[in-house]
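Notes for the one structure printed next.
The values are calculated or read from the model by the stated rules, or taken from the named source; none is laboratory data. Remember, predicted model here, so these are calculated numbers, not experimental data. Glycine gets a Cβ as well: all are built from the backbone with ideal geometry, and neighbour counts include every protein chain shown. Just the protein is used for accessible areas: all its heavy atoms, side chains included, with ligands, DNA and RNA removed. Shrake-Rupley method; radii C 1.70, N 1.55, O 1.52, S 1.80 Å.
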Amino acid sequence: MKQLWQRIQRQIWATLRPTAASHWSAMPWVPGIAAVVAGVGLFSVGAWEPLERLVYVGLFHTRDRLQPIQWDDRVVVIAIDEQSLATYGGFPWPRDRYAALLDRLMAVQPAAIGLDILMPEATLEDRTLAEAIQYSGNVVLAVGSDPLGNPIQVTPTLLGPTDGFVRIGHVNHLPDTDGLSRQTILYKIQGTQIVPSFGMALLSAYEQSLSNLITADPQQVPSLNSKFVANPGHYDQNHPSWINWPGPSRPTAQGESMTANGLTTLSFADVMAEEPDEQLLARLQNKIVLVGYTAVGIVGNSEDALRTPFEKQIPTTGVYLHAAVVDNLLNDRFLTRLPRAWTLALIAVSGLGSSWLLSPLGAQGRFAVMLGIVPLWLGLAYGSFLMGVWLPVAAPIATGWIGLMSFQFIEQRERKTLMDLFAINLSPEMADFIWEHKGEMLAEGQIRPQTLTATLLFSDIRDFTSISEKLPSEVLLPWLNSYFEVMTDCIMEHGGVVDKYIGDAIMAAFGAPIARPGPEADQQNAIAAVSASLAMVEKLKDLNRDFAARGLPTITFGIGLHTGSLVGGTVGSRHRANYSLFGDAVNVAARLQDMTKTHTSTAPYPILLSEATAQQVTDQFCLTPQGQLQLRGRSEKTTAYTLSSRELPAYSTEPVTATTVPTGGRQ
């Protein structure tokens, strides 16, 4: 069963893999798909919504600073403010006071009057107010509900006498969990009963009043957008509308006050003054007048308090929400939010698009691109907001960043997997070079077998067996690891890779695991190997001085170098497989190292080179022939050379990069 599953996995892998040289995690769509899954999942549980709400507030503040819009001048608020409370006493007021207001307004003839004050209980003044409502003929009264959802109706003592003369509108609003009111319900539908919102009822009264004017020009009489009237089911409690707040609502001073964006707010006390300002009253003619309380003392203790993008800390009151709804209805400028399906599609495009856009880039390029996308998308969202469309910002941007993080995570895992396959010591430059060429090296998750020409380096500690018998393990291993660390650094600094440690021996290669074709590459690899060997000899002197100072055994070693053909690839079982180099060249280098014990005793350096290596470096180093040696296990003799100069040649010690190898050379 396990083997069958592995075969299925390989078949899926072969199907998904676009080319034989690629591997699944290098496919650009994999991190994108992961980002889409994460983005959609977080969207489904509402994780993006708090961030989108913050963006909503930020868009309003940005617009208010850069391109403020004006409140519709047909909307006026008569506020029961601190000045009015000081004049008439604490709230609530007797209803004959509102009757007196309606009588006062009869002289200036506003087009519609909305009393944003719930009146569920009967009072002695109801008859007086009912008569004033009948005479006005354009009044809207408020209905609502308590915190438990129970309806709050207008008392029959008002509603009965005014039947046919008054309109009813609900004043419920939908604060979000952060307390801000972003939505409104234009219609409440319960069975066959349809109750318009306070704003919709005011607009209906406004349209009716202007159409009854004797001098009215029919072309100038406003008409409610038919979509709001003809399809109440599209704007009910299941389909709230997004409020486009024109600007701050709270007046800046007592008395007549204009907010920065033009919403006229008059004090109830000023309108009802014994000698009112006639010019002030004249401004109410043919207007939509909303009457409601705004005094901080009343708002703070009222369920009608609400927060807007402009009034978050000090709440405003519901009368301004209804003013904003009326403004939006008059100008048809409610915000439109992308439907859920479109938002999901945008998240998918963000995730997959990030894959397509980021896949050819490196880590720094990816971060730079994503940092650049953020202001671009914010600019697009702001431009759409000015046109009344609220685009999601947090979800697509965050999904793109998740794609970037997925890229980095998958790439790091892939890089680690690749390096684990090699199981060799690489310099950072060589690791980067291998990573850049991974497509050439990998096939179906394994290192592609390849034949290459490289220079092999074998080094071995003399008399290690006797040393290891004398040192306790807790001393032996740190001593040996110190030696390995210094020698490995020398090899990697010259562009070599340590293929393996064999007991106390080191096997390294110059020219692997990437085959560099051409005679020049072979020469550079050989020069780098000789240069690394000389560096190892010099570093060993310093290391031995340190060992001697600490009372530890000093080290002597030998190095064998041979240039030849090798096979490199993944070797092992399905449980454990590593990159390895093998071939006759490995044996020659190992045997030459053995011969250093008898053929370098009088040479300046304990290094033996094969003729193949000597031919590549003869112009760079002084060599002395050692004749033909019979290497153990080989029938043919091998010509060997030693380095004859006691002076370290002037060779380059620049680290190998993806495009350079130490070239050496005398001066």
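Overview of values
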read-out	value
L66 vs. criteria open to solvent by 50 Å² or more (accessible area, probe 1.4 Å), aliphatic (A, V, I, L, M) and under 23 Å from the mean Cα position of the chain (by Cα)	no
Residue pairs meeting the criteria (Cβ under 6 Å; at least 6 apart or on separate chains; first more than 16 Å from D73 (Cα to Cα), in the range 306-334; second surrounded by fewer than 20 Cβ atoms within 10 Å (Cβ to Cβ) and basic (K, R))	P315/R307
Restricting the range 114-152 to residues that are of a type in the set (S, T, N, Q) and either in contact with a helix residue (DSSP H, G or I) (Cβ under 9 Å, 6 or more places away or on another chain) or farther than 26 Å from A295 by Cβ (or both), the residue that is modelled with the lowest pLDDT	N150
Qualifying residues in the range 519-534 (those that are in contact (Cβ under 8 Å) with a residue 40 or more places away in the chain and out of contact with any Leu (no Cβ under 9 Å at 6 or more places or on another chain)) - the one farthest from I555 (Cα to Cα)	A521
Residues of the range 596-605 classified as touching a Gly at 6+ places or on another chain (Cβ under 9 Å), assigned to a helix (DSSP H, G or I) and among the β-branched types (V, I, T), total	1
Failed condition for G518, given (1) surrounded by fewer than 17 Cβ atoms within 10 Å (Cβ to Cβ); (2) at pLDDT 90 or above	(2)
Residue in the range 478-490 that is in contact with a Leu (Cβ under 6 Å, 6 or more places away or on another chain) and either in contact (Cβ under 8 Å) with a residue 40 or more places away in the chain or part of a helix (DSSP H, G or I) (or both) present	yes
Matching helices (runs of 4 or more DSSP H) fully within the range 27-128 where at least 2 residues are of a type in the set (S, T, Y)	49-66, 82-88
Near pairs, Cβ below 7 angstrom, 6+ apart or cross-chain, from the range 455-477 (in a loop (DSSP other than H, G, I, E, B)) to any residue that is of a type outside the set (G, A, S)	R462/T556; R462/F557; R462/K597; L471/W479
Any hit, the range 443-450, residues being under 25 Å from V586 (Cβ atoms), open to solvent by less than 40 Å² (accessible area, probe 1.4 Å) and at pLDDT below 85	yes
Test: residue in the range 136-151 that is of a type outside the set (S, T, Y), closer than 30 Å to A47 by Cβ and in contact (Cβ under 8 Å) with a residue 40 or more places away in the chain	yes
Boolean, T317 is at pLDDT below 90, farther than 18 Å from I117 by Cβ and of a type in the set (V, I, T)	no
Tally, over the range 222-262, of residues that are assigned to a loop (DSSP other than H, G, I, E, B), touching a strand residue (DSSP E or B) at 6+ places or on another chain (Cβ under 7 Å) and either of a type outside the set (S, T, Y) or at pLDDT 80 or above (or both)	10
Residue list for the range 96-112, filter: without any contact (Cβ under 8 Å) to a residue 60 or more places away in the chain and open to solvent by less than 10 Å² (accessible area, probe 1.4 Å)	A99, L102
Filtered residue count, the range 163-193, keeping only those that are more than 26 Å from E49 (Cβ to Cβ) and modelled with pLDDT of 90 or more	5
Residue, most open to solvent (accessible area, probe 1.4 Å), within the range 606-639, restricted to residues that are free of Cβ contacts under 8 Å to residues at least 40 places away in the same chain and assigned to a strand (DSSP E or B)	Q628
Subset of the range 656-667 (residues that are surrounded by 15 or more Cβ atoms within 10 Å (Cβ to Cβ) and either at pLDDT 85 or above or small (G, A, S) (or both))	G664
Only one of T598, T653, T642, T602 that is of a type in the set (V, I, T) and either modelled with pLDDT of 90 or more or open to solvent by less than 40 Å² (accessible area, probe 1.4 Å) (or both)	T642
Selected residue (only one of G365, G383, G353, G400 is at pLDDT 85 or above and either within 25 Å of the chain's Cα centre (by Cα) or open to solvent by 30 Å² or more (accessible area, probe 1.4 Å) (or both))	G383
Residue ID - modelled with the lowest pLDDT, chosen from residues in the range 572-595 that are of a type outside the set (A, V, I, L, M), assigned to a strand (DSSP E or B) and open to solvent by less than 60 Å² (accessible area, probe 1.4 Å)	N578
Restricting the range 330-351 to residues that are of a type in the set (V, I, T) and in a helix (DSSP H, G or I), the residue that is farthest from A394 (Cα to Cα)	V349
Given (1) under 44 Å from the mean Cα position of the chain (by Cα); (2) open to solvent by less than 10 Å² (accessible area, probe 1.4 Å), number of the condition F484 does not satisfy	(2)
